[in-house]
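Every number here is computed from the coordinates shown, using simple stated rules; none is lab data. Since this is a predicted model, take the numbers as computed values, not measurements. Backbone-built Cβ (ideal geometry, glycine too); neighbour counts: all protein chains shown.
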Ligand code: SF4
């Protein structure tokens, strides 16, 4: 399956060894990748490197992997750059020493995920696999990787600056709740001892940093770069900048003592991260000032195209040839990203916190060029697995009047209502899908990422054009669904949905009706797969019973469900820790104990026989006989045994069964009816 093969007979790097490339009939030299070994650095005749990146992920040279994106950007600025992927942090630290001292700085990232999310389940059980490591093997990175790597580098090279970035550093840039140690932690700059932090999608900040270093500006003087954070001793004061207003938040110490003050901080952090004209944030941390500069503007089309058009090989480094496939890469190797950012602002999600609320969209030309590249990969069979962004249907969407957006502090453009200034036209996507569909080597281009169904529902997106929505839906359902379409209503309880910043569930009913109509019209028989979350702040056990009953009524047997994980820097995590909503400062119930969480989760699986007795007990205790009957039917013979009539979900055949099975069942029923009549 793996489509690049080492030509050299031994697994060592040889002078002229080449690697079969992903593209038809091409062979790539090892220098096509950024170097990760001393030999590869020497092959480029580099005596000293300018920048060395240390990453918790294996090196996959693909625009979906942050380390590659940053590495290629640094290279494009004319710097000599190498990567140390997944260094061993337990031995004599030879991996950290093998490439010597960089001229300018070490860059450190945990990789594409926060290490703790990567390592542990929502129940804090250690995972046995790691999708970003060859062979999916776990154990190739430490817990809190950014802190571990950065401290090692600071010890080995005390005079070399360390710059941290990526999702772990970004979302831990200020006092935050750490679910895994169950405590508030200060900015990651404190524990990591790093010199500078770049938050969010860091290309613009990094570019400015590189250009200033090139001009000879010392690293410690980089205090005015947007989208960065750093410490200054209190006695040194705050560097002056007449263009920025300063916003001083509750100190780390105050947050430790007072949960309300911590919660109050969050509202400002979220608002300033999402504003087009934002303030500089100051927070006192153990006698120093943490200074977080305002974010950069959203990338323009030219800027984002430039990033995606860098000369990626689109392949894992050949070093991993014999260590097995990298699952995260296998998942995306035939997919193409269309945009970044998400304006949904869901309470439990970190996408807008990291990628931003404003959408940065690539040009059609750049996307089509990449699709074309993918179609020439040697094992491409005609199927693009995903043509999307974090929320699939936000491509090219933005405010109609930019000056209104400039003054906006709303964390979401579509909650509690769809903003009247938001242009939600799906036409650019419909057109793009059609163009990709027409490419001769593409049999099908699927939309694998979830879509925001609320944008496609006139009852919710009141200003949206219904014809535009329907045209998109038809194109999507007819040509771009790979048997199942993912949507994320996340819950059915109105209060929980409000807290999640999600629309009322009635709109999902409307969406499903439209979906089913198109499905029937074209005889597609494609499944709609809704995603749900249990144990979200505000959600009670009874809400979960209602969720189970309502979704059963709609014909679903849920599979895509998850237990809420409080990851750093979300509204929901702040409520989980403090019990207070940071915007209203009102208290909220949050299920926290293992038992509460397990109970909530069990309701998703009402259809499993082993849960019936438990469900009966819980609902009898709560005197919710109505829900009990909806979920399990009436007890057989009026008894109180575990056995119920076990009513099948209505519509289940129509929506969830494959066509052939539905027909078979229909035929069987007809035959048995005929037999009875006879
Ligand atoms: S004005 Fe509307 S479209 Fe613009 S950022 Fe605010 S909510 Fe979004």
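Where both residues lie in the chain, what percent of DSSP beta bridges are antiparallel, nearest 5?
50
Using only the alpha carbons, work out the radius of gyration and Dmax of region 434-507 in angstrom.
14.8, 49
Cα axis of helix 259-274 to longest principal axis of the chain: angle in degrees, 0 to 90, nearest 10?
80
Give the whole-number value, in cubic angstrom per residue, of the convex hull volume spanned by the C-alpha atoms of region 362-488.
So the per-residue hull volume is 116 Å³.
Please work out the FRET efficiency for the pair residue 155 and residue 634, using the Cβ-Cβ distance as r and a Förster radius of 60 Å; give the result to the nearest 0.05.
According to the calculation, E is roughly 0.30.
With angles folded into 0 to 90 degrees, how steeply does helix 427-438 sit against the dominant principal axis of the chain? Use alpha carbons for both and round to 10.
On a 0 to 90 degree scale, this one is about 90.
Would you kindly compute the Cα radius of gyration of region 574-635 and its largest Cα-Cα separation (Dmax), both in Å?
Radius of gyration, then largest Cα-Cα span, for region 574-635: 15.4, 46 Å.
Sorted by average packing, counted as other Cβ atoms within 10 angstrom per residue and highest first, what order do 328-338, 302-312 take?
Result, highest mean first: 328-338, 302-312.
Over the chain, with a single point scatterer placed on each C-alpha, what log10 of the ratio I(q)/I(0) does the Debye formula yield at q = 0.06, 0.08, 0.12 1/Å?
The calculated log intensity ratios at q = 0.06, 0.08, 0.12 Å⁻¹ are -0.37, -0.66, -1.44.
Tally the DSSP beta bridges in region 447-602 and give the antiparallel ones as a percent, rounded to 5.
For region 447-602, the DSSP antiparallel bridge percentage is about 10.
Report for region 334-482 the percent antiparallel among DSSP-assigned beta bridges with both residues inside it, nearest 5.
45
Give the calculated FRET efficiency between residue 523 and residue 260 to the nearest 0.05, with a Förster radius of 41 Å applied to their Cβ-Cβ distance.
E(calc), rounded to 0.05, equals 0.10.
Between residue 376 and residue 614, what is the label-to-label distance in nm when each label sits 7 Å out along the Cα-to-Cβ direction?
Modelled inter-label distance: 5.5 nm.
Any idea how far apart residue 592 and residue 277 come out in nm if each label point goes 7 Å out from Cα toward Cβ?
4.1
Stretched out fully, how many nm does the piece from residue 306 to residue 323 gain, at 0.36 nm a residue minus the Cα gap?
2.9 nm
How would you order 173-183, 242-252 from highest to lowest mean count of nearby Cβ atoms within 10 Å?
Ranking the peptides 173-183, 242-252 by packing returns 173-183, 242-252.
Would you mind calculating the relative contact order of the chain from Cα pairs under 8 angstrom and at least 6 residues apart, reporting the percent as a whole number?
11
What is the Rg over Rh value, at two decimals, for region 121-247, using alpha-carbon atoms and the Kirkwood definition of Rh?
Rg/Rh: 1.01.
Mind ordering 357-366, 342-351 by average Cβ neighbours within 10 Å, highest first?
In descending order of packing, they fall as 342-351, 357-366.
What distance in nm lies between label points placed 7 Å from Cα along the C-beta direction at residue 126 and residue 223?
4.4
Using Cα atoms only, what is the angle between the long axis of helix 66-76 and the major principal axis of the chain, expressed in degrees (0 to 90) to the nearest 10?
40
For region 424-570, state the semi-axes of the equivalent ellipsoid (square roots of 5 times the eigenvalues of the alpha-carbon gyration tensor), sorted largest first and rounded to whole angstrom.
29, 16, 16
Give me the percent relative contact order of region 445-593, please, defined on Cα pairs under 8 angstrom at least 6 residues apart.
22
Report the full-extension gain for the segment residue 561 to residue 93: residue separation times 0.36 nm, less the Cα-Cα distance, to one decimal in nm.
164.4 nm
Scale the Cα Rg of region 490-599 by the rule-of-thumb value 2.2 N^0.38 Å and send over the ratio, two decimals.
Relative to the rule-of-thumb radius for its length, region 490-599 sits at 1.20.
Which whole-number value in Å³ per residue fits the convex hull of the alpha carbons of region 18-292?
152
Give the relative contact order (percent, whole number) for region 334-482; include only Cα pairs under 8 Å separated by 6+ residues.
Dividing the mean separation by the residue count of region 334-482 yields 26 percent.
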